[in-house]
Amino acid sequence: MAAAGTALPVTALPVPLSGRFKGSFAYFTIKDRLPQILTRTIDTLHRHKNEFFEEHGEKGVEAEKRAISFLSKLRNELQTDKPVTPLEDELPDAMLWNQYLDYQRNLSNGNGGPSWFQSPWLYVECYMYRRIHAALAQNPPIDNFDVFKEGKAQNFFESQGAIIALCTYFQELLKNIKDLDEKQLQEEFFKLLQVSLWGNKCDLSFSAGEESSQKSSLLQCLEDMVPFILVNDMEKLWSLLQNAKNRKTDKCKVRVDIILDNAGFELVSDFVLADFLLSSKLADEVHFRGKSIPWYVSDTTKNDFNWTIKQLQAANHMWMSRCGINWEGNLKKGVWIYHDHMFWTLPHDFSSMAEVAPDLYADLQKSNLLLFKGDLNYRKLTGDRKWEHTVPFHQALNKFHPAPLCSLRTLKSDTQVGLKPGQAEQIQASEPEWMISGKYGVVQFDPAL
Ligand SMILES: O=P(O)(O)OC[C@@]1(O)O[C@H](CO)[C@@H](O)[C@@H]1O
Ligand SMILES: [Mn+2]
């Protein structure tokens, strides 16, 4: 990995969202939601005290106390708008984080340096999750404990009904997928894309860790929800995949990458979409990109990825378990590949990927289509800035064009580009919360030309 991006054309870009804009969503997130998440994290550690003792004896309890005091200090720094401090751990990404802090310090040009409310929201929010990770990682023997694991598992179990409905629907579909004509295949593709899109409503950092599971089967409501898709490029995705299939030779495989977001129902909906791509022969390989450390409460790590497939396999429901068995098989056959990379949990937006993580950028360039799931990925795609809503998506990507890409995102933070003139104003008039309610979504494509 190379040094943090210092050569960004900052002047041409709108300002980043930030807690310094009082009353903005960023401001309320930093003021209310982030401290709540820290408090819940501390509670979780408290609740596991006995478990730490049983597993590791006194050493486990001492480590828990140290982690809690580190987190309490962090919460205090945040709530009193203290300057952001360099990381003091020796984890592999610490140097990049500290270089990024220097970069932010240079940008603030002596205006007091970056602090929690004065810096870009994206930066300080990512920084909080990195410090939560440090609180555990620096404190063996509890260094592998994922404080968010319980919440992710709970989301999965509470979404059981919706998961069963989706797995059942999908296994029925597989039975006669070979007999479907192109139009019918396209319809099914659109359905499963939409399930994966609306699956993104269920994230846990948005609800500050409170339950956010998928209670009902989404499949029945898809049609009613179409008007809430503000940018709908599903047809473009279909054309791209059709063209790739038609041009395919034996040597060149069609590859789709899914840059994952949340574990729980959303992850299952991504698996179903990925299975459909293979079963319909629209793609030959699916690469999944997860987080290498616990992130934004509900984001998928390698453990969550494997755990979910194991849970499905072991489920007491025929179609759920069939899905789990097939998906494990896909991993074994090497047609599904899981990757993580440190870049996904750095504070950088994606426009600096080519510079900061050239290996990852080069790998993504080999894909036919990149599907970016969720709100945080959208923020990182567009740099989390105060864009005019009519600015083209391509422009907001700010030269991040490794391959054709598409964002599947429900709106949970106040940035949105690529809308038609007047579209934002019209929704704003009746629904001032449209950008943060999770009620609206986009399937927004960029061909990467
Ligand atoms: O990426 P996701 O899971 O869709 O959403 C993450 C999220 O809940 O976290 C931030 C709020 O703290 C917002 O960017 C967004 O609403
Ligand atoms: Mn998430």
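Computed from the coordinates by the stated procedures, all read-outs in this text should not be read as laboratory data. Treat the numbers as computed from the prediction; the structure is a model and nothing was measured. Glycine also receives a Cβ, built like all others from the backbone with ideal geometry; neighbour counts cover every protein chain displayed.
Summary table below
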| item | result |
| --- | --- |
| Residues satisfying the stated conditions in segment 279-311, i.e. more than 16 Å from ligand 1 (Cβ to nearest atom), among the charged types (D, E, K, R) and either assigned to a helix (DSSP H, G or I) or under 19 Å from LYS175 (Cα atoms) (or both) | LYS281, LYS302, LYS310 |
| Options GLY383, GLY374: the member that is under 23 Å from LEU241 (Cα atoms), in contact with a helix residue (DSSP H, G or I) (Cβ under 9 Å, 6 or more places away or on another chain) and within 16 Å of ligand 1 (Cβ to nearest atom) | GLY374 |
| Test: residue in segment 363-377 that is in a helix (DSSP H, G or I), within 16 Å of ligand 2 (Cβ to nearest atom), crowded, with 20+ Cβ neighbours inside 10 Å and among the charged types (D, E, K, R) | yes |
| Yes/no for PHE276 being within 16 Å of ligand 1 (Cβ to nearest atom) and in a helix (DSSP H, G or I) | no |
| Boolean, THR44 is in a helix (DSSP H, G or I) and of a type in the set (Val, Ile, Thr) | yes |
| Residue ID - surrounded by the most Cβ atoms within 10 Å (Cβ to Cβ), chosen from residues in segment 394-408 that are under 18 Å from TYR440 (Cα atoms) and out of contact with any Ser or Thr (no Cβ under 8 Å at 6 or more places or on another chain) | SER407 |
| Conditions (1) crowded, with 19+ Cβ neighbours inside 10 Å; (2) out of contact with any Lys or Arg (no Cβ under 9 Å at 6 or more places or on another chain): number failed by LYS82 | (1) |
| Out of SER298, SER279, SER292, sole residue that is small (Gly, Ala, Ser) and over 27 Å from ALA137 (Cβ atoms) | SER279 |
| Test: ALA314 is buried (at least 20 other Cβ atoms within 10 Å of the Cβ), more than 16 Å from ligand 1 (Cβ to nearest atom), among the small types (Gly, Ala, Ser) and more than 15 Å from GLY374 (Cβ to Cβ) | no |
| Segment 101-129, subset touching a Leu at 6+ places or on another chain (Cβ under 7 Å) and among the aromatic types (Phe, Trp, Tyr), residue surrounded by the most Cβ atoms within 10 Å (Cβ to Cβ) | TRP121 |
